[in-house]
Structures are given as structure tokens and as C-alpha cells.
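J.: Quick one: the structure is below, questions incoming.
The values are calculated or read from the model by the stated rules, or taken from the named source; none is laboratory data. The structure presented is a predicted model; accordingly, all values stated were derived computationally and were not measured. Cβ placement follows ideal geometry from the backbone for every residue including glycine, while neighbour counts extend to all protein chains displayed. Ligands, DNA and RNA are excluded from the accessible area calculation, which covers all protein heavy atoms including side chains. Shrake-Rupley method; radii C 1.70, N 1.55, O 1.52, S 1.80 Å.
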Amino acid sequence: MCLGSFPFSAVHSEGKRITLLFSWRASGMDRHNKEPLSEDVLPVVIVGNGPSGICLSYLLSGYTPYLSPDSFHPNPILHSKLTQNPHLSLFEQDLEYLCEGVEGRSSNPVAVLFDSLLLPDSDFGLDYASPLEWRYEPERATPHLVLGKGPPGGAWHAMEGSMLTLSLADWMELPGLKLKDWMREKRRTVRNDRATPAEIASYYQHYVREMGLERNFACGTTVTSVRRVSLRSGHSVWEIQGLQRRAKDGSDHVEAPFSVFAENVVLATGTHDIPARLGVEGETLPFVCHSFWELEAAISSGRLDRASEPILVVGAGLTAADAILAAHHLNTPVYHAFRRAVADPALIFNQLPKLLYPEYHKVHQMMSQQQYQPGESPADMLSSTGDDKARSPCSYPGYLSFPKHRVVSFKPDGKCVLESEDGRQTVLQVSMALVLIGAHPNLSFLPEQGRPLGLDPDELISCRRNPIDVDPYTNESVKEAGLYAMGPLVGENFVRFLKGGALAIVCDLARKRMASGQENVQESSVGHILSCQLSNCTLDA
């Protein structure tokens, strides 16, 4: 029993709805002071149920990649290496050896390798078949638990439902289920080879059900603590504590505490939890917002329309571009401030093919062609854009950009002070300011919010500036044995590359298991291991 507090009661199966039912022990024992038995310790607990956690669960559930007979990879060196041990699964191969000489758009070598095996030469628009075949080998399955706040799919369920995703549809899919095939079954079409976030979220939820992963997912959970605890035997394990939101008496909900133990913990939380802030005067004023959804709410309620004062968008990422497009569609004027130059190669718009991303190319054109000119009135320039065709034949009305500017302060009367690189200040009158400069992961359940795990232990964990420091071929933390990280937490923002993190982790766990001479924990023991106050996801067919 997990901490001797929540004995397993029953497993109920009804079609494709599976629920683990648990009950409280009436003895009132203190669950925090009870040492677990060895059979109570799970091999793996995954914190986060987005595409990172889903893909890892798939690989841990016995789905195993092999080189398909008579297959071909367009990279002759990689193909030669793969054919040296065709009887071995990819999990048993030397990943570092296979990664040598394989190049791609990620800095993580295993991510590039796995992407190349799943979608060979896709960066060049080629449609080679994957040389991998997937076999279900249940004897390889590793018991594990996936914890997530919402339904499987993570932050994709909270994204804007109608806008197209940045990545091509093929790049969003997970192993074993073609996204385009699933969309055809749903009688949907892929526009310009891209899908919407709502479609992607639905696909991920369907994927968990289709692949039989539901029993490993506990939804509605908030992890509050992950820490190492020492056992009397001298061995140490991870203790994961938290709360699970559960239905009670119809529409009411309660939050039930839970605590589980694990040999290994995987951090797969993503980085969309806490919006990044500028740290300037007046940033907490009511008209200063930090999410796209606040703009949506202002539009829906009628607080923002074409007659409103201009809005200010701060940032030069895709979320900032989405806000500009939404305001432009409403004919609300927009000031746009960002710190980089328009031509900076690091700017995301300079990395996107124009034909595939026409809406973002439009924003980039606006940023370039309608820049603020020092000495002129911003309000006058904003109202005149689109009228002076001689000055800008492709201009768009109601938009003015401020490249290489930073925000100095926000004022209670709705004014915002910008400053250019040369120190010249400009004051703007706005109805709303949207600070869209990225986000930080919520790692409050870790000591010091996970700072010691980062490349710079003095800074907050950040996908771009300070990812978690992991071994590139195992994704294990270089600071904490048995603690792994994947996805945005290690700098991988794109689904196509986070799958490599799952491969690295599964291979390392398999290597550790072989080195210790341990056999896989039998799947039938999972019910005993998960004997705590948790229910797994129930997904409608």
C-alpha cells in the first residue's frame, strides 16, 4: 500500500472508459511518516501530460522501434549503422554512435536522430517513409504514472482554437498514429499542411485512448512537492506529493491529497505556466496584461473595438504576432515594441518560409515597413499608415512598430514610456498593453523552483535562456541522478524534436535496468503500486 493510507479497492472497465477506484483507510494513519515497501515504488513518474509525457508513456508501454526489413534511409552513413544490428531494437543501440554525423535543426543530438528516423529529410520537403517499424512487446513495458493538471495534451487545450499551428501537421504527430489519417477519419482537412491547436489537442487526447495509455494517466492533478527521501535501508527514492481534483456528489469537486514514490522522475511540464514580466514601473496596473487570452476577453466583452485607443503589444514572438493579427482583424490600432532589429536572424519571422506561414509573413512586413520615425507624432503616424502609398506601397492601416525599443514604465493614466537604443524616449497613450515576451515553467514543487538544476543555478529555469542541464544522450539531470527532463524544459519547443527526449530517457532506463540485473516490474503489480487516492483519466470514445 502506498504509505499504508489508500488501499486498492477495485478496477472497473466499461468499454473504453477505465477508472481506478480507491478508498480511504479509516485508521487515520499519517501517510507522510510511513516508509514505503519496495513494491510500492514505481519505476517512473512523469510530471506533465502534454506531448512530451504522452510520447514517453507510449515508449514505456512496450511499443518498440526496430529497423524495418528492406527499409532505406536517405542518409547512407546512418543507414549503414542501422543495418549493422538489425535484430536489435532502437532501445538497445548505441545512441551516441548513431547520432554521429546526423544534422538537423535541434541542438540536442538524440532529438535530431529520432526526427531523422521518423521523418527522413522532412526539412527539405521530401516525403521519405520512415525506416522504423513499431512492434508491441508488452514484456518491455515499464510501469509508470503520468500526472497532469488537465486532460492529456497539456497546454494545447488552452491555446487559441482557430489559428494555425506553427509546425507542419506531420511534425505534430506522435509515433504510431498519423495525424493526417486521423483528421481524414474525422472528415477534417489540413489547411496548407497545418492544423489548428484545437485539432492537435483533440488528436493527443485520442492518441492516449487509441494506444491504450489511459490507465497510466492521472488527470486533474497538481504536484506540490518532488523530493528525495532516504529509506532505512540506505536507499533513496523520490516522493511525489500533490492534490487531485475529483468529482463528488454530482457537480461538486474536492481536492484529495496523494503521495507516490518513484525510482525515477521525469519533468515534462512545458514552459507555458508563468508569463514572463518586464520588471518595470507600473507593470501591475489594470490595463497591463500578460496573456493572449486577456486580449480575447476584452474583444469578447466589447471593451476593445475599432473605436478604442491603440493597444501596445510588447514582444516579437508568435504570440505577439497572434495578438497583432487579432487586433488588426478588429481594426483596433496597434503600437508594437520589441528589442531586436527587424532583420535580426534570431527573430522567429526570419526563420519561417513565407509560403507556409503567410499570416506571420504579413506581420513581419508590417514590422519592417511601418516603423516609427523619431521626431514624428506616433498618433499621427498610426492614423496615416495605409494612406501614404508612395511611402509604403504595402502598408497596413493602424499599425506602427518600434524596433530596438524597450519599455521604461507604465503610467496610471494609460501612458507607456518607450526608450530607443540611443536613449530617446517616446510616450504612447494606449487602452491596453499586452506584454507577450514568453513564459517560465512552474517548478514550485521543486526546491528553489528548480534553479539548481539549470545551466545557471542563480537564474530561473527558462527554455531559451536557462534550460535544465541534462546529459545530451540520456536527458538525465547532471545535478540529480534519477531525475530527467524533456521538452521545453531542455530547450525543445517543437513537438517534432521533443520525441527524441523520450527515446533518450527510455534507452537510459533500459541500460540501468540491465546493469542492475533487474527484470521489469510486472504490469499486474501496478494496481498495488498505485494504491493511493488517485483516479486515472476517463476519456470518452
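J.: Scan the range 420-438 and give yes if some residue there is of a type in the set (A, V, I, L, M), surrounded by fewer than 20 Cβ atoms within 10 Å (Cβ to Cβ) and modelled with pLDDT of 95 or more, otherwise no. Give the derivation first.
T.: Residues of the range 420-438 that are of a type in the set (A, V, I, L, M), as a first pass: 427-428, 430, 432-437.
Subset that is surrounded by fewer than 20 Cβ atoms within 10 Å (Cβ to Cβ): 427, 437.
From what is left, the residues that are modelled with pLDDT of 95 or more are 427.
Yes, the range 420-438 contains a residue that is of a type in the set (A, V, I, L, M), surrounded by fewer than 20 Cβ atoms within 10 Å (Cβ to Cβ) and modelled with pLDDT of 95 or more.
J.: Considering only the range 229-254, state which residues are in a strand (DSSP E or B) and more than 25 Å from the chain's Cα centre (by Cα). Before the answer, list the steps.
T.: As a first pass, look at the range 229-254 and keep what is in a strand (DSSP E or B): 229-230, 236-248, 252-254.
If the condition is that a residue be in a strand (DSSP E or B) and more than 25 Å from the chain's Cα centre (by Cα), then Val229, Ser230, Ser236, Val237, Ala247, Lys248, Asp252, His253, Val254 are the ones that fit.
J.: Working carefully through the options Asn442, Asn475, Asn520, Asn466, find the one that is surrounded by fewer than 22 Cβ atoms within 10 Å (Cβ to Cβ), within 17 Å of Gly53 (Cβ to Cβ) and either at pLDDT 95 or above or among the polar types (S, T, N, Q) (or both).
T.: One residue alone meets the criteria, Asn442.
J.: Which members of the range 50-76 meet the condition of being assigned to a helix (DSSP H, G or I), at pLDDT 90 or above and either aromatic (Phe, Trp, Tyr) or open to solvent by 60 Å² or more (accessible area, probe 1.4 Å) (or both)?
T.: Once the filter is applied, which keeps residues that are assigned to a helix (DSSP H, G or I), at pLDDT 90 or above and either aromatic (Phe, Trp, Tyr) or open to solvent by 60 Å² or more (accessible area, probe 1.4 Å) (or both), the range 50-76 yields only Tyr58.
J.: Next up: Within the range 294-326, which residues are part of a helix (DSSP H, G or I), among the small types (Gly, Ala, Ser) and touching a helix residue (DSSP H, G or I) at 6+ places or on another chain (Cβ under 7 Å)? Don't jump to the end; show me each part of the working.
T.: Restricting attention to the range 294-326, the residues satisfying the condition of being part of a helix (DSSP H, G or I) are 294-300, 318-326.
Among the residues that remain, those that are also among the small types (Gly, Ala, Ser) are: 297-298, 300, 320-321, 323, 326.
Answer for the range 294-326, where residues must be part of a helix (DSSP H, G or I), among the small types (Gly, Ala, Ser) and touching a helix residue (DSSP H, G or I) at 6+ places or on another chain (Cβ under 7 Å): Ala321, Ala323, Ala326.
J.: For the range 300-350, give me each residue that is of a type in the set (D, E, K, R) and surrounded by fewer than 18 Cβ atoms within 10 Å (Cβ to Cβ).
T.: From the range 300-350, those of a type in the set (D, E, K, R) are 303, 305-306, 309, 322, 339-340, 344; that's our starting set.
Of everything in the range 300-350, those that are of a type in the set (D, E, K, R) and surrounded by fewer than 18 Cβ atoms within 10 Å (Cβ to Cβ) turn out to be Arg303, Asp305, Arg306, Glu309, Arg339, Arg340, Asp344.
J.: OK, next. Given (1) over 26 Å from Val266 (Cα atoms); (2) exposed (fewer than 13 other Cβ atoms within 10 Å of the Cβ); (3) at pLDDT 90 or above, where does Lys81 come up short, assuming only one miss?
T.: Here Lys81 clears every test but (2).
J.: Let me ask another. List every residue pair whose Cβ atoms lie under 8 Å apart, where the two residues are 6 or more positions apart in sequence or sit on different chains, the first residue falls within the range 341-353 and is in contact (Cβ under 8 Å) with a residue 40 or more places away in the chain, and the second residue, located anywhere, is open to solvent by 40 Å² or more (accessible area, probe 1.4 Å) and of a type in the set (Gly, Ala, Ser).
T.: Short answer, once both residue conditions are applied: Val342/Ser368.
J.: From the set of residues in the range 416-470 that are acidic (Asp, Glu) and either part of a strand (DSSP E or B) or without any contact (Cβ under 8 Å) to a residue 12 or more places away in the chain (or both), which is nearest to Glu96 (Cα to Cα)? Write out each step before concluding.
T.: Our first condition is that a residue be acidic (Asp, Glu); within the range 416-470, this holds for 419, 421-422, 448, 456, 458-459, 469.
Okay, now just the ones that are also either part of a strand (DSSP E or B) or without any contact (Cβ under 8 Å) to a residue 12 or more places away in the chain (or both), so 419, 422, 448, 456, 458-459.
Values: Glu419: 48, Asp422: 48, Glu448: 33, Asp456: 26, Asp458: 31, Glu459: 30 Å.
Top of the filtered list is Asp456.
J.: Among the residues of the range 445-454, count how many are in contact with a strand residue (DSSP E or B) (Cβ under 8 Å, 6 or more places away or on another chain) and surrounded by fewer than 15 Cβ atoms within 10 Å (Cβ to Cβ).
T.: 1
J.: Okay, next question. Please verify whether Glu239 is without any contact (Cβ under 8 Å) to a residue 60 or more places away in the chain, buried (at least 17 other Cβ atoms within 10 Å of the Cβ) and either out of contact with any Cys (no Cβ under 9 Å at 6 or more places or on another chain) or within 25 Å of Cys55 (Cβ to Cβ) (or both), treating the condition exactly as stated. Steps first, answer last, please.
T.: Working: without any contact (Cβ under 8 Å) to a residue 60 or more places away in the chain: yes; buried (at least 17 other Cβ atoms within 10 Å of the Cβ): yes; either out of contact with any Cys (no Cβ under 9 Å at 6 or more places or on another chain) or within 25 Å of Cys55 (Cβ to Cβ) (or both): yes.
Taking the combined requirement at face value, the residue satisfies it.
J.: Looking at the range 484-508 only, could you name the residues that are part of a helix (DSSP H, G or I), of a type outside the set (Gly, Ala, Ser) and modelled with pLDDT of 95 or more? Steps first, please.
T.: Pass one, the range 484-508, residues part of a helix (DSSP H, G or I): 487-490, 495-508.
Okay, now just the ones that are also of a type outside the set (Gly, Ala, Ser), so 488-490, 495-499, 503, 505-508.
Residues satisfying the conditions are Leu503, Ile505, Val506, Cys507, Asp508.
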